[in-house]
Amino acid sequence: MSALIVLAAGGTGGHMFPAEALAGELVGRGVKVALVTDKRGQAFDNRLPGVALHRIRAGRPGTGIASRVLAVCEIALGLLAARRILRVLAPTAAVGFGGYPSVPTMMAASRLGLPTIIHEQNARLGRANRWLAPRMKRIATSFAQVDGLAGAERTRIVETGNPVRSTVVAERGLPYAPPVAGPINLLIIGGSQGARILSTVVPAGLALLPAAIKARLAVMQQARPEDVEAVRRAYAASGIGAEIATFFADVPQRMARAHLVVSRAGASSVAELCVVGRPAILVPYRHAADDHQTANAEALAAAGAAWVIGEQGFTAPALAQRLETLLTQPALLTAAAASAQRHGRPDAARRLADLVLETAGGAR
C-alpha cells in the first residue's frame with residue numbers, strides 16, 4: 001500500500017511512546033510516516049528513524065485570561081502551520097495521540113477532509129481528545145471503558161490497546177513465579193512527576209515490615225536526583241538491599257524480574273505492567289489532568305490486576321500493611337499477575353496500524 005500517515009502527538013512520553021510504537025509498525029509495513037509535534041517532541045527525533053519530523057506551535061490553556069488568550073493565539077498559529085504541512089505532504093490519513101500539540105494538526109486534517117483517528121491512552125478521555133472526538137472518524141482506545149465519551153462518539157470506538165515498546169513485548173513470555181522462597185524483588189518506578197512521595201513513603205514503609213521479610217527484600221527504585229542519597233541512607237539504615245538510580249534503561253527487564261511493582265498509574269506504565277504480566281500497587285498522581293491516573297488504576301484494580309492506594313492514604317503504615325498481606329500470601333500475587341497478563345495487549349501496535357490503514361483505505 002502506497003501511503004503517508006501523519007501522526008500528531010504532544011511532546012511528553014505518554015503521548016509519544018504509543019506514537020513511536022505505531023510509527024515503527026507502519027514503517028515496517030513499508031508505509032511512510034511523518035510526525036507533527038511541538039518543540040518538546042523533537043527530543044524523540046533520533047528514536048524514530050525514517051520518520052520526518054515537523055514542529056508546530058501549540059499553547060496549553062491556563063487558568064488566567066492572559067494565558068488563555070495566548071494559548072488560543074498559539075493554537076491558531078499552529079493550525080495555520082499544520083494546514084500548510086498537510087497540504088504539502090498530502091497524507092492518506094492523520095492519527096492523533098492527545099496532548100495540546102495534537103489539536104492543530106488534527107483539526108486541520110478534519111477540515112481538509114482527511115480520514116482521522118485519535119488514540120486515547122487513558123481510561124478517561126483527555127482534554128485535547130475531548131475537543132477532537134466529535135470531528136474524528138475513528139476513536140481508538142486502550143481500555144474497554146473510557147470515561148468522557150458522548151453516546152454518539154461511542155459508535156466510532158475501536159479498542160486497540162495502548163502500543164508499548166518492543167522491548168516490553170519481548171518480556172511477555174517470562175512466566176511469573178511468586179516469592180515463595182529466596183529474594184523478593186520489588187520495583188518502584190515513579191515517572192517524571194510527583195515521584196517524591198514514593199521516595200519518602202516506600203523506604204519508610206519497607207522499614208516497618210517484619211525482619212524475616214526485610215531480610216529477603218531486593219529493591220530497585222527510581223528516584224529524583226535530589227532524593228537519591230536520602231533514599232539510599234533510608235534503606236541502609238533499615239538493612240534492606242536496594243539499588244537506587246534516577247533512571248533505569250532496562251525497566252522492561254526489571255519489571256519482568258519483579259515479584260511486585262509499586263508505580264504511578266500513567267497510561268504507559270499500566271499498559272507495560274499488563275503486557276509483561278506483573279502485579280502492582282498503584283499510587284495515582286493526584287494532580288494528573290482530570291485525575292486520569294485514578295481512572296487507569298481503578299480499571300486495573302477492577303480487573304484484579306492491581307491494588308490502588310490514593311496519595312492521601314499512601315502512608316508508611318498503610319503500605320507496610322498491604323505489603324505484608326501480599327508478600328505472605330503468594331497466591332494473591334500470582335492471581336493478579338495472571339489477570340494483568342490477560343488484559344495485556346502485546347499486539348496493540350499491530351491492531352492500531354490495521355485500524356489506521358483500514359480507515360485510510362476506506363477513504364479512497
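No lab work stands behind these numbers, since they all come straight from the coordinates. These numbers were taken from a predicted model, which means no experiment stands behind them. No Cβ is skipped: glycine too gets one built from the backbone with ideal geometry, and neighbour counts run over all protein chains shown.
In plain terms, the residue of 110, 268, 102, 142 with the fewest other Cβ atoms within 10 Å comes first and the most crowded comes last, giving 110, 268, 142, 102. Distances between every pair of Cα atoms in region 134-192, grouped in 10 Å steps from 0 to the bin holding the largest one, split as 15, 29, 26, 20, 8, 1 percent.
How big is D, in µm² s⁻¹, for region 167-238 by Stokes-Einstein at 10 °C and 1.306 mPa s if Rh is the Kirkwood radius over C-alpha pairs? Result for D is 115 µm²/s. Among rounded, prolate and oblate, which fits region 266-358 when a ≥ b ≥ c are the square roots of the eigenvalues of its C-alpha gyration tensor, a/c under 1.5 means rounded, and a/b larger than b/c means prolate? Oblate shape, in that a/c is at least 1.5 and b/c is the bigger or equal ratio. Normalising the average separation of contacting C-alpha pairs (under 8 angstrom, six or more residues apart) by the number of residues puts the relative contact order of region 169-342 at 27 percent.
Taking the number of Cβ atoms within 10 Å of each Cβ as an exposure proxy, the fewest-first ranking of 243, 153 is 243, 153. Compute the angle between helix 330-342 and the longest alpha-carbon principal axis of the chain, please, reported from 0 to 90 degrees and rounded to the nearest 10. Orientation of helix 330-342: about 10 degrees from the principal axis. In the calculated pair-distance distribution of the chain, the portion above 32 angstrom amounts to 34 percent of the Cα-Cα pairs. With respect to the chain, whose longest principal axis is taken over its alpha-carbon atoms, helix 228-238 is tilted by about 30°. Of the residues 80, 333, 26, the one with the fewest other Cβ atoms within 10 Å heads the list, and the complete ranking is 80, 333, 26. Seen through its C-alpha gyration tensor, with square-root eigenvalues sorted a ≥ b ≥ c, region 169-342 comes out rounded because a/c lies under 1.5.
Only Cα pairs under 8 Å and 6+ residues apart enter the sum, and on that basis the relative contact order of the chain stands at 16 percent. Expressed as an acute angle from 0 to 90° and rounded to the nearest 10, what is the orientation of the C-alpha long axis of helix 13-28 relative to the principal long axis of the chain? The answer is roughly 60 degrees. In the frame of its principal axes, region 240-299 has Cα extents of 36, 23, 21 Å, reported largest first.
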